[in-house]
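Contents: one structure, followed by commentary.
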C-alpha cells in the first residue's frame, strides 16, 4: 500500500512511541522509511550549519538505527536540515514522492495519564503539515501511546 513513508521527529520520548508505530507500518508495507529531523532556522554560517546538521544526523541515527537493525529493517534514509520545518518536510515529501507522512501530535507528550486531551494538542507543525503536505498525513493520537490512553 505505502512504498515510501516519511516520519517527522523532534527526538523526544514521545516521538519514539510514534516511531515504533511508523517502523511497524513500514515493515508491514515493505516500504522505504525516511526519518526527518528539522533544526529550524539556524542563522549560522555555512560551516557551523553543516556541523550542526552532521551532529543532528548522528543523534537521529543513535536514536533510531539500533531499533531498526534489531528488527531486521534496513531500508531507510535519515534527513536533517535547517530552515523552517514544515516547508522543508513538504519539499522532501514532494521530491521523494512520499506516499504517507507520519508524525505525533506535538513536540511534547500531549496529555498525562488520566488527563483528558485538550482541544489544542494537535500542535502547530502537525496542523500546518495537514494543510500543506503533498500526501496523506497520519497523526498518531495520544490514545495509541502506552500509558496515555484515558479510555
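Bear in mind that the values in this text are calculations on the coordinates, not laboratory data. Every value quoted in this text rests on a predicted model; they were computed, and no experiment measured them.
By how many nm would the segment from residue 65 to residue 94 lengthen if fully extended, with 0.36 nm per residue of separation less the alpha-carbon distance?
The span from residue 65 to residue 94 would gain 8.0 nm if fully extended.
Which three extents, in angstrom, do the Cα atoms of the stretch 1-82 have along their principal axes, listed largest first?
42, 23, 20
Please work out how much length the chain gains when fully extended from residue 42 to residue 73, using 0.36 nm per residue of separation minus the C-alpha to C-alpha distance, in nm with one decimal.
7.9 nm
Tell me, in nm to one decimal, what length is gained between residue 84 and residue 124 on full extension, where the rule is 0.36 nm per residue of separation less the Cα-Cα distance? List each step's numbers first, then the result.
Numbers: separation 40, 0.36 × 40 = 14.40 nm, distance 1.22 nm.
The span from residue 84 to residue 124 would gain 13.2 nm if fully extended.
Would you mind giving the three semi-axes, in whole Å and largest first, of the ellipsoid equivalent to the stretch 4-144 according to its Cα gyration tensor?
One finds semi-axes of 22, 19, 16 Å for the stretch 4-144.
Taking the DSSP beta bridges in the stretch 4-144 as the whole, what percent of them are antiparallel, to the nearest 5?
Beta bridges within the stretch 4-144, antiparallel portion: roughly 5 percent.
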